[in-house]
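The values are calculated or read from the model by the stated rules, or taken from the named source; none is laboratory data. Here the structure is a predicted model, which means the values were calculated and not measured. Every residue, glycine among them, receives a Cβ derived from its backbone with ideal geometry; neighbour counts consider all protein chains shown. Side chains included, ligands, DNA and RNA excluded: accessible areas come from the protein's heavy atoms. Shrake-Rupley method; radii C 1.70, N 1.55, O 1.52, S 1.80 Å.
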Amino acid sequence: MAAYTGPMIDEALSALRAWRAEGMPVALATVTSVVGSAPRELGAKLAVAADGRMAGSVSGGCVEGDVAEAARQVLVDGLPQLRHYGISDEMALQVGLMCGGEIDVFVERVDGPAGDILSALVERVEQQVPVVREVAFERGTVGMVTADAVLGEGVDAESAREALAAGTSRTSPSRFVEVINPPPRLWLVGAGHIAEHLVAFSERAGFAPIVVDPRRLFADQPRFSGVEVLPAWPDRAFAERGLRPSDSVVVLSHDPKIDEPALCAALTAEVAYVGAIGSRRAQADRADRLARAGVRPDRLARLHAPIGLDLGGRSPAEIALAIVAELVSVRHGGSAQR
């Protein structure tokens, strides 16, 4: 399997930047309001190129066709549209949401200053910088705000920074203020076969993987050419880069010299998730060694081990899928029940 080199940020924004680089006109649709149950979240995006290519989504498929038609019209006349979708009326053959909720979708042509703003936004998010995007419904994207910079004209920087501090997007009758956070980092300790699949699955699920392995024979493999690889001891890499509360750490090397210092560092830090591969017996022995190394019982209790949800699979790809399933469940507070 070749290493996955797809987007680490929103799929529609990544495609938008690539299509603009080709000189292709692009329209961007964004969910700016959600009431009740809806297939996609506030800020979900669909990019539509003039040649018909599409990336992303604003619903589960029930309104995509209508939004794409609106995007094509916006590409022709340049006039933004704010469209509302509610419950589907099958008898009248109207487009709507089968789930019973309501959404507003704003469609704009992205070129000129708006395109430059969005390209700069993508770069900042790739640099792990939280960003606020401001959209004026009569004009389209008007600006971008970070903790230390404002780009664009007509930006309400004070409101944007309030949204950034709260970490919450907000909608008014005239404007959408969208908080875009960088994808959470996923540290993969051990550059083996499972890590190769985890890179692909985790990026698709919205994580930014970093592979760490001091063994150059593993770290220098071309299968990881599309992702950052650190040929370093993981505890030292954590100390140099710093672990964040949004980070997750997955330990895969099967080598106690590598795994256990990494686990000591991760379990004593404030991170979102720590998991380790291995059998239940191996985990019990490892827990004893970690306790003797000074890891407190309450910190040991945070370790997900054996790692992953019980999907029953045993191949490297299936194990990677089980791990990503658990990461997603933990990130969203899911029950992991059928």
message: Please go through the range 101-115 and give me each residue that is open to solvent by 10 Å² or more (accessible area, probe 1.4 Å) and touching a residue at least 12 places away in the same chain (Cβ under 8 Å), ordered by number.
response: 102, 104, 109, 111, 113, 114
- request: Return yes when residue 63 is surrounded by 14 or more Cβ atoms within 10 Å (Cβ to Cβ) and either under 17 Å from residue 115 (Cα atoms) or at pLDDT 90 or above (or both) and no when it is not.
  value: no
message: Given the condition part of a loop (DSSP other than H, G, I, E, B), open to solvent by 10 Å² or more (accessible area, probe 1.4 Å), modelled with pLDDT of 95 or more and within 26 Å of residue 143 (Cα to Cα), answer yes or no: does some residue in the range 79-90 qualify?
response: yes
task: Evaluate the range 177-189: report whether one residue or more is more than 18 Å from residue 121 (Cα to Cα) and surrounded by fewer than 18 Cβ atoms within 10 Å (Cβ to Cβ).
output: no
- request: Test residue 214 against the criterion of being buried (at least 17 other Cβ atoms within 10 Å of the Cβ) and in contact with a Pro (Cβ under 8 Å, 6 or more places away or on another chain), and give yes or no.
  value: yes
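Condition check ((1) under 17 Å from the mean Cα position of the chain (by Cα); (2) in contact (Cβ under 8 Å) with a residue 12 or more places away in the chain) across all residues:
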| residue | (1), (2) |
| --- | --- |
| 194 | no, yes |
| 199 | yes, yes |
| 202 | yes, yes |
| 207 | yes, yes |
| 213 | no, yes |
| 217 | no, no |
| 224 | no, yes |
| 227 | yes, yes |
| 231 | no, yes |
query: Assuming residue 274 fulfils every condition listed in (1) β-branched (Val, Ile, Thr); (2) touching a residue at least 40 places away in the same chain (Cβ under 8 Å); (3) within 19 Å of residue 254 (Cα to Cα) apart from one, which condition is it?
result: (2)
message: I'm trying to understand the selection: among the residues of the range 233-251, which are hydrophobic (A, V, I, L, M, F, W, C) and either more than 15 Å from residue 188 (Cβ to Cβ) or under 22 Å from the mean Cα position of the chain (by Cα) (or both)?
response: 238, 239, 243, 249, 250, 251
- request: Identify all residues within the range 121-170 that are acidic (Asp, Glu) and over 18 Å from residue 107 (Cα atoms); write none if there are none.
  value: 123, 126, 148, 153, 156, 158, 162
query: What is the one condition in (1) farther than 24 Å from residue 182 by Cβ; (2) among the charged types (D, E, K, R); (3) open to solvent by 20 Å² or more (accessible area, probe 1.4 Å); (4) in contact (Cβ under 8 Å) with a residue 12 or more places away in the chain that residue 259 does not satisfy?
result: (3)
task: Check the range 141-153 and report whether any residue there is crowded, with 18+ Cβ neighbours inside 10 Å, closer than 21 Å to residue 31 by Cα, touching a residue at least 24 places away in the same chain (Cβ under 8 Å) and among the hydroxyl-bearing types (Ser, Thr, Tyr).
output: yes
